[in-house]
Every structure is written in C-alpha cells, then in structure tokens.
Amino acid sequence: RKILRRCGNIGIECVSFYAFSTENWKRSSEEVSAIMKLFNEYLDD
C-alpha cells in the first residue's frame, strides 16, 4: 500500500506487478477462488 500511495504521490499513474503464477492455476477451484477474492479485497481497499 505504501508503495502504491507513493507512486501516486510522485505522478506514476500505472503500476504492474506479478502476483499469480501459472502454477497457481493448478490449485483446486476453491483455492483459486479464495486467492482471487483476496486480490479483489486488497485491491479495492
């Protein structure tokens, strides 16, 4: 969060980050759904 706030403060409008590897798609659908839910909750915050 600190990094994203700082980026905004200095004028960086777009940030990319690596968060979900191809191996994660091999998890059960329940696990993938839970991880995606965490991403959504964190990124919406």
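Per-structure values
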quantity: Pair-distance profile P(r), taking every C-alpha pair of the chain, with 10 angstrom steps and integer %; calculated: 23, 42, 26, 9, 0
quantity: With Cα atoms, 0 to 90° folded angle of helix 29-44 axis to the chain main axis; calculated: 10 degrees
quantity: Cα→Cβ-extended label distance, 7 Å offset, between V32 and Y18, nm; calculated: 2.1 nm
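Each reported figure results from applying straightforward, stated rules to the coordinates on display, with no laboratory input. Being a predicted model, the structure only gives us computed values, none of them experimental. Don't worry about glycine lacking a Cβ; one is built from the backbone with ideal geometry, like all the others, and counts go over all protein chains shown.
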